[in-house]
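See structure below.
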Amino acid sequence: MESAHLLSGSKKRVKIHPHTVTAKYATQTPYSPQPGIHTHFPQPGDEGYDDAPSFEEFGSFLEETSDRKRLTESKRWPLKLFGSKDKDTAHKLQATGGAEGSELGAKAVKGSGKGVGEQLASFGEASVSASRLTWLGLLGAALAHGCLIALTRLASERFGLGPLFLLLVRSVIQLLSVAVPLHRAENPFGPEGYRLRLLCYGIAYSLSLCCAYSSLTFASSENGSTTWRLATTALSATLAFLLLEEKLGLADGITLAAGLCGLGLVLLPTADESYEDAPVDPVTFWRGAFGWSLSALAGLWMALALVGYRSLKDRVGVGTALFTVSWTGCLLTPATMILLQEGWSWPMSLPAWGLVLGLVACSIAAFLGMTHALTRLHPALVSASQSLEVPVAMFLHLALLPLAPTAPEVVGNVMIVLSVGWLVAMKLLPSRGAGRRQREEYEEILDSPIK
């Protein structure tokens, strides 16, 4: 009743102040604030009081220029185009006169109904174009990872180069990436306030590489890389949900599960590895078990690294991330070599040096493609797309050393290729309800109280 008494017979005047929105009521009974509540209402004559438009003028301006009105008018029937807005258009046509006026009016009427749709279409085209480049980079990174596995095995078997030595050379040469943040006038150690998180990312990535390359000494390269990729994909999906609250869709989850099943089939032991008719050497058994454990641990560290960079994607560039991984690798790789007592090996021929440089180029290309994709895609999707490295490495190995693969390996690699192909097609091919979903999302944003 008090509010009704205050509003009855009063004239409301609302002004938008640069600092506060004020309302003034000319009432007979003056308003007295409650005790303990301090309010300030700028009065006429104060600085900036009359500079802003009134509430009624501002409301009409919003009504005429808001996207909600355009979206609503675009959903009307064609017969309703002859409304108040079209009357204004008709007056403009009469003022301009002739064919030019009619042509201008037709464009105005046509554009008034398709403003939001054209914006959504342009946004969609830009998003699809960026997604194509992202997935192209991811597939290129998977190809580079496959070549990296094959070159590492070739360097170890033909030239006697240790895996950790190759990792050290790779980290030292990648230190040249410091030129990228310096060229952009950025701190190579990351922006202030994010350096500790960037350091943790670099340590996790370097520990993952150290564990993965160390596992090649105790297990075969095929089993080590496959176990590493399987653990990375599964753990990155879990950690992204727990740490970043990023979920996967149903279709993405099914595709990832199919890819993981393919990796599991590749890991099935062959007849030579089953040891059914021969006694198992304890040293050989525990050596292989240690190699598999290192591969799984490498997957855990890599999943943490992917999720860590995903949280830093808006603050840290790809060049800064590469430099961080390089200098942390230069510190952790020698320590791992001393811990595992791996001897020092040095390339003694020109083909060996060419192989090392090719390995470094593949590692840089794989890192750039995968890290750039983390700025747009879920870490589990990025890791799942890199599962394509397993069939690529198998094909390259068969080209160098012709051996008949087993049936589980063939089926597993086919499942990996199909899962990655279906994932890329699902993300890039347009769907029928894409435009409708975009319009519904746009309407939801317009109707939300926070804009």
Self-check item: Å² of accessible area per residue within region 167-322, as computed with a 1.4 Å probe and no ligands counted
Solution: 50 Å²
Quiz item: Equivalent-ellipsoid semi-axes (√(5λ), Cα gyration tensor) for region 128-235, whole Å, largest first?
Solution: 27, 19, 16
Practice problem: Sort largest first and round to whole Å: the equivalent ellipsoid semi-axes of region 270-395, each the square root of five times a Cα gyration tensor eigenvalue. | Solution: 31, 22, 17
Practice problem: Step through the residues of region 346-362 one at a time and calculate ³J(HN,Hα) from phi using the Karplus curve (6.51 cos²θ - 1.76 cosθ + 1.60, θ = phi - 60°), rounding each to whole Hz and writing x for Gly and Pro. | Solution: 9, x, 10, 9, 5, x, 5, 5, x, 5, 5, 5, x, 5, 5, 5, 5
Quiz prompt | Solvent exposure of region 358-420 as accessible area per residue, Å², 1.4 Å probe | solution = 38 Å²
Quiz prompt | Three semi-axes of the equivalent ellipsoid, region 327-367, Cα gyration tensor, whole Å, largest first | solution = 21, 17, 6
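The values are calculated or read from the model by the stated rules, or taken from the named source; none is laboratory data. No experiment lies behind these values; they were computed from the predicted model shown. Areas reflect the complete protein model, heavy atoms only, side chains present, ligands, DNA and RNA absent. Shrake-Rupley method; radii C 1.70, N 1.55, O 1.52, S 1.80 Å.
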